[in-house]
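See structure below.
The values are calculated or read from the model by the stated rules, or taken from the named source; none is laboratory data. Bear in mind that the values here come from a model prediction, so they are computed numbers and not experimental data. We place every Cβ from the backbone using ideal geometry, glycine too, and count neighbours over all the protein chains shown.
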Amino acid sequence: GVIPKQHLPNYGEFYEQRHFRPGTPLENGELTLLGQTVPFGTDLLFCCQDLPEFRLGVELCEDLWAPVPPSAALAQAGATVIANLSASNETVGKADYRRTLIRSHSARLLCAYAYADAGNGESSTDLVFAGHNLIGENGVLLGESSLFSQGLTYGDCDLGLLAHERMRMHTFAPPAQAFRAIPFTLAMEGPPHLAYRQVSPQPFLPHGQQAQALRCEQILAMQAQGLAKRVAHTRAKRLVIGISGGLDSCLALLVSVRALSLLQRPAQDALAITMPCFGTTSRTRSNAQILCQALGTDFRCIDIGPAVRQHFQDIGQAYENQDVTFENSQARERTQVLMDVANMEGGLVIGTGDLSELALGWATYNGDHMSMYGVNAGVPKTLVRHLVAHCAATAVSQDLSQVLRDILDTPVSPELLPAQNGRIAQVTEDLVGPYQLHDFFLYHMLRYGTPPDKLRFLANTAFQGVYDPATIDAWLHTFLRRFFAQQFKRSCLPDGPKIGSVALSPRGDWRMPSDAEAAIWLE
């Protein structure tokens, strides 16, 4: 096919309208080229027969700079890849503008954008051409050539991702213009592989220490602002937090103190309660108290062991039978204590559970699953760790920094089974799998609707040399099985702030029946 240029620049160094006229509108045309009759016009959309998600639209140079570029209608008509053949000369600062243009345009159109620029073969009588080639995808630059370099620029585009984004966002109205579908085929051989695309094993985090620090500050501010609004609205006198000495409750307490600071209230208005029982170790118990002292919050210790033993006697549960009832009784007793103390104090129970636990259902129904406001509900476990590490690195006191670092070094555990020789008997990641993998699955499945086969492919790429394919398969099966089976817990979640693009609130992003079947995902 042959596509004419639609927008001809006639300003500055450009004077194309002296010799040419815009090729618009040109529809249903044909011309003879190299002895063949080929489609000609501005209504061409090239559709790959081997890869249905690959639909190519073409525009030329200045078309991209126009207020309403041809690529907008092409994308509305279904083009997932836009190619631009450009002869854009170089001036100081133009490369930055061009880069921004490709990023923003690919994001706005939810497309891949391949921009091929004229290079040093052009005349330098009055202008210099740098051959600035760019490949953008949904706001991200996948490939870019250095100015004045030669050769090809490569990038791996995820057309399935783009197709999902377009299904999710219903702002793509049908175009007024009709397009002709021009079929073509590609010779694709061998299994899929990514030659140029990096797959991050930590998709919830940006690259670079500075970007990560800024992201952490933004998230902490969002959590604190959300909680501060709820505290002001309810006129709560105290914030009641169950503090275990683990990561999640640590972050919830840090956020609570920030929220109180926003309201110009003292840290003592946060009441942290540690409730040791059969599985509590001296390390976590000590860290809980040291953390509260370092933050200046109120602190109480309530031993729930006698109450749980009495409950066992009431329901006929033998202490030696350390089953799910043995574990959940402790979690529900802790929640009862927190709720009742909150009533006594005129306070709010602050939930500590995180996004990863919600996805896996790693919480006791109506136990730690329930609170009056869940500040961590939008934060996955891998990000919880980075947030606490950021707080440790920026802590104003050495005592606070030290205790946060020790909490980071403590294995993640619910501590519901009796400790063994003073050590934690339950390690969560030994039971449900590495949170690094589960958060990876969670991000790609919810954010981009990635199916299991593609999840395996992406995970094997991201974790090559870290986890073997069999391990990834096993934990993916666990993730999918638990994600579907545990929806009933997510269907009755407390309020909590949405933090990122992946969220599980039944009132917002994630509306799923509690009896949905996982069978087709597990096959």
_Scan the stretch 439-453 and tell me whether some residue there is closer than 30 Å to R285 by Cβ, assigned to a helix (DSSP H, G or I) and in contact with a Lys or Arg (Cβ under 9 Å, 6 or more places away or on another chain)._
yes
_Going by what's in this entry, would T478 be described as in contact (Cβ under 8 Å) with a residue 40 or more places away in the chain, closer than 21 Å to T382 by Cβ, assigned to a loop (DSSP other than H, G, I, E, B) and among the polar types (S, T, N, Q)?_
no
*Identify all residues within the stretch 489-508 that are touching a residue at least 40 places away in the same chain (Cβ under 8 Å), surrounded by 13 or more Cβ atoms within 10 Å (Cβ to Cβ) and of a type outside the set (K, R); write none if there are none.*
L493, P494, D495, G496, P497, I499, G500, V502, A503, L504, S505
*From the residues in the stretch 182-217 that are in contact (Cβ under 8 Å) with a residue 60 or more places away in the chain and among the aromatic types (F, W, Y), which one is farthest from K381 (Cα to Cα)?*
F184
*When residues of the stretch 270-288 are limited to those that are under 33 Å from the mean Cα position of the chain (by Cα) and at pLDDT 95 or above, the one farthest from D303 (Cα to Cα)*: A270
*Would you mind finding the one in G279, G305 that is of a type in the set (G, A, S), touching a Cys at 6+ places or on another chain (Cβ under 7 Å), in the same structural domain as L355 (by TED's automatic domain parsing) and within 28 Å of Q420 (Cα to Cα)?*
G305
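Let's see how each residue does on (1) touching a strand residue (DSSP E or B) at 6+ places or on another chain (Cβ under 8 Å); (2) charged (D, E, K, R); (3) touching a residue at least 12 places away in the same chain (Cβ under 8 Å); (4) crowded, with 23+ Cβ neighbours inside 10 Å:
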{"position": "A73", "(1), (2), (3), (4)": "no, no, yes, no"}
{"position": "A77", "(1), (2), (3), (4)": "yes, no, yes, no"}
{"position": "A83", "(1), (2), (3), (4)": "yes, no, yes, no"}
{"position": "S86", "(1), (2), (3), (4)": "yes, no, yes, no"}
{"position": "N89", "(1), (2), (3), (4)": "no, no, yes, no"}
{"position": "L101", "(1), (2), (3), (4)": "no, no, yes, no"}
{"position": "C111", "(1), (2), (3), (4)": "yes, no, yes, yes"}
*Which ones in the stretch 11-43 are loosely packed, with under 14 Cβ neighbours inside 10 Å and either assigned to a strand (DSSP E or B) or touching a Lys or Arg at 6+ places or on another chain (Cβ under 8 Å) (or both)?*
F20, N28, E30, L31, T32, L33, Q36, T37
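Going by the structure shown, is L338 buried (at least 22 other Cβ atoms within 10 Å of the Cβ) and touching a His at 6+ places or on another chain (Cβ under 7 Å)? Write out each step before concluding.
Details: buried (at least 22 other Cβ atoms within 10 Å of the Cβ): yes; touching a His at 6+ places or on another chain (Cβ under 7 Å): no.
When the stated conditions are applied, L338 does not pass them.
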*Tell me which residues, restricted to the stretch 226-266, are part of a strand (DSSP E or B) and touching a Ser or Thr at 6+ places or on another chain (Cβ under 8 Å).*
L239, I241, G242
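Filter the stretch 415-455 down to the residues that are acidic (D, E) and out of contact with any helix residue (DSSP H, G or I) (no Cβ under 9 Å at 6 or more places or on another chain), then identify the one that is nearest to M275 (Cα to Cα).
Only one residue tops the list, namely D430.
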*Would you mind finding the one in G160, G208, G155 that is small (G, A, S) and under 30 Å from S123 (Cα atoms)?*
G155
*In this structure, is A228 free of Cβ contacts under 8 Å to residues at least 40 places away in the same chain and under 15 Å from A267 (Cα atoms)?*
yes
*State which residue is nearest to P25 (Cα to Cα) when the search covers only the stretch 44-82 and only residues that are in a loop (DSSP other than H, G, I, E, B) and among the β-branched types (V, I, T).*
V68
*Among the numbered criteria (1) in the same structural domain as L56 (by TED's automatic domain parsing); (2) under 18 Å from the mean Cα position of the chain (by Cα); (3) outside any helix (DSSP H, G or I), which single criterion is violated by S200?*
(1)
*Collect the residues in the stretch 403-435 that are in contact (Cβ under 8 Å) with a residue 12 or more places away in the chain and assigned to a helix (DSSP H, G or I), keeping them in residue-number order.*
V403, L404, R405, D406, I407, L408, T428, E429, V432, Y435
*Could you identify the single residue in E345, E357, E320 that is assigned by TED's automatic domain parsing to the domain that holds L239 and farther than 28 Å from R230 by Cα?*
E320
*Could you list, in sequence order, all residues of the stretch 53-74 that are touching a helix residue (DSSP H, G or I) at 6+ places or on another chain (Cβ under 7 Å) and over 19 Å from F40 (Cα atoms)?*
E53, F54, L64, A72
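Residue by residue, here is whether (1) in a loop (DSSP other than H, G, I, E, B); (2) more than 33 Å from the chain's Cα centre (by Cα); (3) among the charged types (D, E, K, R) holds:
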residue: T91; (1), (2), (3): yes, yes, no
residue: R98; (1), (2), (3): no, no, yes
residue: H105; (1), (2), (3): no, no, no
residue: A116; (1), (2), (3): no, no, no
residue: G119; (1), (2), (3): yes, yes, no
residue: D126; (1), (2), (3): yes, yes, yes
residue: G136; (1), (2), (3): no, no, no
residue: S149; (1), (2), (3): yes, yes, no
residue: L152; (1), (2), (3): yes, no, no
*asked:* Filter the stretch 363-402 down to the residues that are surrounded by fewer than 17 Cβ atoms within 10 Å (Cβ to Cβ), more than 19 Å from Q487 (Cβ to Cβ), out of contact with any Ser or Thr (no Cβ under 9 Å at 6 or more places or on another chain) and not hydrophobic (A, V, I, L, M, F, W, C) and list them by number.
replied: S397, Q398, D399, Q402
